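Trainee: My questions will all concern the structure given below.
Every read-out reported here was derived from the displayed coordinates using simple, explicitly stated rules and does not represent laboratory data. Worth saying up front: this structure is predicted, and the values here are computed from it rather than measured. Virtual Cβ from ideal backbone geometry, glycine too; neighbours counted across all protein chains shown.
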Amino acid sequence: MSHLSPLPVETSPELADDFAVFIDILGFVPNSLLTMQRRPEMVKGFAALTKGVMGDGSTVDPGFKRLIAHFASRAAGCQYCEAHSLIAAGIHGVSDEKVAAVWEYQTSPLYSEGERVALDYALAAGSVPNQVDEQLVARMKQYWDEGQIVEILGAVSLYGFLNRWNDSMATDLEDSPRALGDKVLRKGGWTGGKHVE
């Protein structure tokens, strides 16, 4: 059960445009932002950062950025964000088959070698202590240019904020990400943890 209850979406009408960013990403306004709206400027700032990291103008596929976010969240242990990022990956063009093979990314033919390296990087960058080393960066540079590496680390870092927010708040997981977690992630040990209790 969440430590603070989400407020109704209509509590802060001035946040309608900011909430629309997340409706585009997830199909709904997440409980994390409904809780955060107690400080509307935080929602506005987070929406702006999200648009900058995940928005148009990217050379990294938008769906793949959500897979990056998933792996960073897996490293951090935030089960709320693990499920949310996979919902967003599907909305942004990652096939159901590729999402279902997320636990087998190292061996699945659905993932390219460049994607495997980037997902390894997301796991390393999302870990505490950080596990990114020169060898991993050299592998990244074989497949991704410097601007793309910045975009990938931006997705990891954006979700680093969400991982800490949602785990500290014990944010309640909404129905659609919970169903995806049960269908896809449970086979790898995902339970939903404090987000479904």
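Trainee: For region 81-141, what class follows from the C-alpha gyration tensor (a ≥ b ≥ c being the square roots of its eigenvalues): rounded when a/c is under 1.5, otherwise prolate if a/b is larger than b/c, else oblate?
Mentor: Cα axes put region 81-141 in the oblate bin.
Trainee: Still on this model: Counting residues in the chain as N, plug N into 2.2 N^0.38 Å and put the Cα Rg over that result.
Mentor: In units of the 2.2 N^0.38 Å rule of thumb, it is 0.99.
Trainee: Measure nothing but the geometry: give the 0 to 90° angle between the long axis through the Cα atoms of 146-169 and the longest principal axis through the Cα atoms of the chain, rounded to 10°.
Mentor: Here the helix axis deviates by roughly 40 degrees.
Trainee: Here is a further query. Which ordering of H3, H195, H92 is given by a fewest-first count of other beta-carbon atoms within 10 Å?
Mentor: Ordered from fewest to most neighbouring Cβ atoms within 10 Å, H3, H195, H92 come out as H3, H92, H195.
Trainee: A follow-up question, please. So, in the chain, how many Lys pairs have Cα atoms under 20 Å apart, if the pair is 8 or more places apart or on different chains?
Mentor: Within the chain, the lysine pair count is 6.
Trainee: When the chain is fully extended, how far beyond the present Cα-Cα distance does K187 get from F28, taking 0.36 nm per residue of separation?
Mentor: Length difference between fully extended and current span is 54.7 nm.
Trainee: For helix 134-143, report the angle its Cα long axis makes with the longest principal axis of the Cα atoms of the chain; keep it between 0 and 90° and round to the nearest 10°.
Mentor: For helix 134-143, the angle is close to 90 degrees.
Trainee: Going by alpha carbons, how many degrees (0 to 90, nearest 10) lie between the helix axis of 113-126 and the longest principal axis of the chain?
Mentor: The helix 113-126 is inclined about 50 degrees to the chain.
Trainee: For the chain, what's the relative contact order in percent, using C-alpha pairs closer than 8 Å and at least 6 residues apart?
Mentor: Dividing the mean separation by the residue count of the chain yields 29 percent.
Trainee: Now for a different question. Can you put M54, M1 in order of Cβ neighbours within 10 angstrom, beginning with the fewest?
Mentor: On the way: M54 22, M1 9.
Lowest count first: M1, M54.
Trainee: Let me ask something additional. Go ahead and set up a Gaussian network model of the chain, Cα springs under 10 Å, then flag whichever of K187, K98, K44 fluctuates most.
Mentor: Per the Cα network of the chain with a 10 Å cutoff, K187 tops the list.
Trainee: Please label the shape of region 58-159 as rounded, prolate or oblate, based on the square roots a ≥ b ≥ c of the eigenvalues of the alpha-carbon gyration tensor (a/c under 1.5 means rounded; beyond that, a/b larger than b/c means prolate, else oblate).
Mentor: rounded
Trainee: Using unit Cβ charges (K, R positive; D, E negative) and no other charged atoms, how large, in debye to the nearest 20, is the dipole of the chain about its Cα centre?
Mentor: Values: 17 positive and 26 negative charges, 83 e Å.
Rounded to the nearest 20 debye, it is 400 debye.
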